[in-house]
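Q: Pasting a structure here, questions to come.
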Amino acid sequence: MTFPGGTHVSKNVFIHHGHPFFLTILLSLNFFSVMGSACPKSCHCTERNGLTVVQCSSRNLEEIPLDLPHNTVSLLLSNNHIANIPNQAFKNLPWLQELDLSRNAIETVDAGGFQGVSESLRALDLSHNQIRSVPKEAFARLNAKISLSDNPWHCECQLQEVLRELNLDPKTVNEVSCHTSVQEEYAGKPVIQVLDSGINFCNFHHKTTDVAMFVTMFGWFAMVIAYVIYYVRHNQEDARRHLEYLKSLPSSSQISKDFDTISTVL
């Protein structure tokens, strides 16, 4: 019997003892071996040194299969219609070393998409998809050699920070290009070439933020000035009306004369 990692144990070791305990262990191992080697209906599985290679390419899959063998070492999912890599999509595959997701329709990669396989994974192919950006946490602690070519990347600060931590496949690194960019002049150019020229997308991000803050502050300042002007003009108008009202009232001398006249008449 061969275990994951290539360790071989003969069944005769258990049978020779003739003890029910050892027979129970043998049956349990056989059961888990069968469970671990179960293959998804839409895929084809082969064994490699006690581990499983799962071939699911070109099967019209729209999601990553859930019933993958626990001892999967290589998972090939290219040429399907998968659009998203959800959180913990491969958490039950501790032996996974090769993962091919190329030529799908992947647009989003959740922050925990590769959680559980970041240590074991050695090769990851995400080329020929529809990925524009990924969370910085998505590739955290990932040691695999990664292919990200032929995706419509949006070149900005977050992408720069992601690429800085990755081990990109040198064969395809020049095919990771800016489809769009915070600066239009870099659209269509290889990301690495742009970064090697000394461009720092995070500086553009800070400048954009500073401009936005300046515009916001200017807007608030303009509103305050407009309110002050309105307030002053409104008070001036009230003062003018009050003055006109006072002018319309009879003066005290006129009141005295009118009073004297009334007294004389009386």
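Q: Name, by its number, the condition in (1) at pLDDT below 50; (2) closer than 22 Å to Gly113 by Cα; (3) of a type in the set (S, T, N, Q) that does not hold for Ser57.
A: The failed condition is (1).
Q: Would you tally the residues in segment 139-158 being among the aliphatic types (A, V, I, L, M) and at pLDDT 95 or above?
A: Counting residues in segment 139-158 that are among the aliphatic types (A, V, I, L, M) and at pLDDT 95 or above gives 3.
Q: Can you pull out every residue in segment 79-110 that is under 21 Å from Asn143 (Cα atoms), open to solvent by less than 60 Å² (accessible area, probe 1.4 Å) and either modelled with pLDDT under 95 or among the polar types (S, T, N, Q) (or both)?
A: Ser102
Q: Residue by residue through segment 40-79, note down the ones that are within 20 Å of Val134 (Cα to Cα) and in contact with a Leu (Cβ under 9 Å, 6 or more places away or on another chain).
A: Those that are within 20 Å of Val134 (Cα to Cα) and in contact with a Leu (Cβ under 9 Å, 6 or more places away or on another chain): Ile64, Leu77, Ser78.
Q: I've got another one for you. Residue check: is Thr46 loosely packed, with under 12 Cβ neighbours inside 10 Å, part of a strand (DSSP E or B) and at pLDDT 95 or above?
A: It is true that Thr46 is loosely packed, with under 12 Cβ neighbours inside 10 Å, part of a strand (DSSP E or B) and at pLDDT 95 or above.
Q: Additional query: What are the pairs with Cβ atoms under 9 angstrom where one residue, in segment 36-62, is in contact (Cβ under 8 Å) with a residue 60 or more places away in the chain and the other, located anywhere, is part of a loop (DSSP other than H, G, I, E, B) and open to solvent by less than 70 Å² (accessible area, probe 1.4 Å)? Sequence gap at least six, or different chains.
A: From segment 36-62, no pairs qualify.
Q: Failed condition for Val73, given (1) in contact with an Asp or Glu (Cβ under 9 Å, 6 or more places away or on another chain); (2) within 23 Å of Phe114 (Cβ to Cβ); (3) at pLDDT below 95; (4) not hydroxyl-bearing (Ser, Thr, Tyr), with all others met?
A: (3) is the only condition that Val73 fails.
Q: Out of everything in segment 121-144 that is more than 18 Å from the chain's Cα centre (by Cα) and surrounded by fewer than 17 Cβ atoms within 10 Å (Cβ to Cβ), what residue ends up being farthest from Gln97 (Cα to Cα)?
A: The extreme case among them is Asn143.
Yes/no per residue for (1) of a type outside the set (Ser, Thr, Tyr); (2) open to solvent by 100 Å² or more (accessible area, probe 1.4 Å); (3) touching an Asp or Glu at 6+ places or on another chain (Cβ under 6 Å); (4) at pLDDT below 75:
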site: His179; (1), (2), (3), (4): yes, yes, no, no
site: Ile192; (1), (2), (3), (4): yes, no, no, no
site: Cys202; (1), (2), (3), (4): yes, no, no, no
site: Val211; (1), (2), (3), (4): yes, no, no, yes
site: Trp220; (1), (2), (3), (4): yes, yes, no, yes
site: Val232; (1), (2), (3), (4): yes, no, no, yes
site: Leu246; (1), (2), (3), (4): yes, no, no, yes
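The values are calculated or read from the model by the stated rules, or taken from the named source; none is laboratory data. If you're wondering where the values come from, they're calculated on a predicted model, not measured in any experiment. Ideal geometry is used to build each Cβ from the backbone, glycine not excepted, and the neighbour counts take in all protein chains shown. Side chains included, ligands, DNA and RNA excluded: accessible areas come from the protein's heavy atoms. Shrake-Rupley method; radii C 1.70, N 1.55, O 1.52, S 1.80 Å.
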